[in-house]
1. Looking only at the stretch B:347-360, which residues are more than 23 Å from B:Pro251 (Cβ to Cβ) and surrounded by fewer than 19 Cβ atoms within 10 Å (Cβ to Cβ)?
2. If you go through the stretch B:214-247, how many residues are assigned to a strand (DSSP E or B), farther than 18 Å from A:Glu159 by Cβ and within 17 Å of the chain's Cα centre (by Cα)?
3. Return yes when A:Thr168 is closer than 23 Å to B:Ala339 by Cβ, more than 16 Å from the chain's Cα centre (by Cα), among the β-branched types (Val, Ile, Thr) and away from chain B (no Cβ under 12 Å) and no when it is not.
4. Quick one: A:Asp97 ticks every box in (1) open to solvent by 10 Å² or more (accessible area, probe 1.4 Å); (2) away from chain B (no Cβ under 14 Å); (3) not in a helix (DSSP H, G or I) except a single one, so which number is it?
5. When only residues in the stretch B:374-391 that are more than 14 Å from every other protein chain (Cβ to nearest Cβ) and not aliphatic (A, V, I, L, M) count, which is most open to solvent (accessible area, probe 1.4 Å)?
6. Those residues that are facing another protein chain (nearest Cβ under 7 Å) and under 23 Å from B:Ser387 (Cα atoms), I need them from the stretch A:110-151; list them, please.
7. Looking at (1) modelled with pLDDT under 95; (2) of a type in the set (Lys, Arg); (3) crowded, with 24+ Cβ neighbours inside 10 Å, find the lone condition where B:Lys147 falls short.
8. Among the residues of the stretch B:349-358, what is the count of those that are within 13 Å of B:Gly335 (Cβ to Cβ) and within 13 Å of chain A (Cβ to nearest Cβ)?
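The values are calculated or read from the model by the stated rules, or taken from the named source; none is laboratory data. This one's a predicted model, so the numbers in the text were calculated from it and none came from an experiment. Please note: Cβ atoms are built from the backbone with ideal geometry, for glycine as well, and neighbour counts cover all protein chains shown. When the accessible area is computed, the model is the full protein with side chains, heavy atoms only, and any ligands, DNA or RNA have been set aside. Shrake-Rupley method; radii C 1.70, N 1.55, O 1.52, S 1.80 Å.
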Amino acid sequence: MYKQIITAAALATVLTGCSSTGQQPAPVTEYGQTSAVEDDLTVNSVDIANLDGPAFDEAVADLSPEQLEEVFQSLDDTIYFELASNQLSADSQITLDRYASILKNAPDRQMEIQGHCDVRGTQSFNMSLGLERAQAVKSYLQITHNIPASQLKPHSYGEELTLCDDLTEACHSQNRRAVIVKN
Amino acid sequence: MPRNALAHTLLCLASLCLLAMSLQTQAQTQVIEINQGNDQQARIAIIPFAGKASENLAQIAGKDLASTGQFEQLDDKDFLSLPRPGDTPMFRDWRMLGADYLLMGALQESATGFALSYELYDIQTQRQLLSRKLPLRTQQLRLGGHKVADDVYQAVTGLKGAFASTRLAYVLKAQNSTDNKKQGQKFSLIISDSDGQNAQTLISSKQPIVTPTWSHNVKLLAYTSYENKKPEIIVHPLSGNRKNLGSGWAPSFSPDGTTLAFIAPDARTGKAKLFLYNLAGNQRQQLTQGYSVDGEPAFSETGNEIYFSSNRGGKTQIYRLNISTKAITRATRTGHYNARPSLSRDNKSLVFIHQPARGQGFYLASQDLATDDMRILHKGFDSDSPSVAPNGAFIVFAEAGQLKRASVDTGQVDTLIGKTAGRSIREPTWSGYLR
């Protein structure tokens, strides 16, 4: 993760110059705005995702809706929890902070959150418990970042889409997750 | 096959097109009451049925009877003769083998399929207890075997059998075993005979299908579908159009079929809560409140109580809601985790999944509702989704992707469908009697 503060110029480089097409940075027009060509260049969403919190927030504030969507799609989709609780892991909180940033800049974008369980317990009670994980993500975004409820769509998946079915703690911790739905 | 054709096949198989059935009964002798303890099985000689067909009806009937735990089947290697219906048995030979009962049958080809005839004798009294004839289409052969089992079971024990006149529904999840991701998964809602065989697919999907349940008249299934990428309740008549009732899961029909109990998120707190859906009025009504997680409603036979699981007391236990008074009382008394309530039709027993202490397995358990006495019926490691047969004699359940059936009286557990790579059976549910 880059810790240094990104200057506007460097930001322009990130947005346009790190493209794999090797194109030149867009020319500045006489009014100090870049030409329309800039919007056609692919946002290097991976680089943006690697910015630290404040820099990330700054970066996304300048993005077009399409670029915002690209960064959204590039973020980690799996949210993990601490053992036997609905406490979000520290890394997951960082990931969710980034989603919050995007949602704030895209107030019309809704985010679907899936809540999953491990295989222990009955399949149908896990349908109810899975909702807790999805709600934990929603609550974090609402409380910590003031994201409106209308943008957050939590759904339980119980133990229907387990990643593994072994009765081991390693498998259980893989399955205990929330997933942000990507297209 | 087209849906209407499937529905017709299901309904016709279901009732064995009973209008066409002709029973040739002897002057029925009184049913002899046998007081069977677990340690005293009826010894039955089942003669391999005469005639050729794609199914072995004697074997089907034998398996059903053996699964009750109340019959011991004699080895046909020891049989000195192989009588057919119409023959008079050599009673002394059968007495010497230690047989209590003799069952024989024959299948004859007919214009429309087969004619099945079967007879049951009591060896001690030398009396004929049953003599029946039944027309069967080829697709009905297995049901014919189950009907033989029902008749023998009733003649010997006095109890109504549920082998031929009930159905199971369950979910089959098929997955490429090398593929751990969502792609390549298929969920199918299956309707089968009471032994899991004769599987017919009602609907299948790449998205999960969960929590199937029968209406009491066996004309509808309700289940949870993710076809719109979120859990929604579907009511699906065997013949007719399916209806999406919106957000929710774990439906349970009231006995009179007018109402569905189910679980859905509370609009304000987002917690899983108990709701009722009035099917005629298309209205939902919230029954529970608060910050607990509620799940798995099951209507009692009276239609006035709903049993459900909840962690409102800290641990997950089973509670009982009285619909008239709204009072909620706790039903399960012991153990670390009790869930997935299922009621017997006589309203005397609560069957459920029980974990005695943290870290232990999830066991099949039954509780007497009058005395609250609980007993563990089966100590598998991960049993789930128990459902009681309408005669109260059996419980079907899933364990590690396998379909299993337990005899309530004897505790004997049979595996109906075992595990095959990439395929797992989930959430079986036993229907009521077909009319």
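1. Those that are more than 23 Å from B:Pro251 (Cβ to Cβ) and surrounded by fewer than 19 Cβ atoms within 10 Å (Cβ to Cβ): B:Lys348, B:Pro356, B:Ala357, B:Arg358, B:Gly359, B:Gln360.
2. Selection size over the stretch B:214-247: 4.
3. yes
4. Single failed check for A:Asp97: (3).
5. B:Lys379
6. A:Gly121, A:Thr122, A:Gln123, A:Ser124, A:Phe125, A:Met127, A:Ser128, A:Leu129
7. Going through (1) modelled with pLDDT under 95; (2) of a type in the set (Lys, Arg); (3) crowded, with 24+ Cβ neighbours inside 10 Å one by one, B:Lys147 breaks only (1).
8. Number satisfying all stated conditions: 5.
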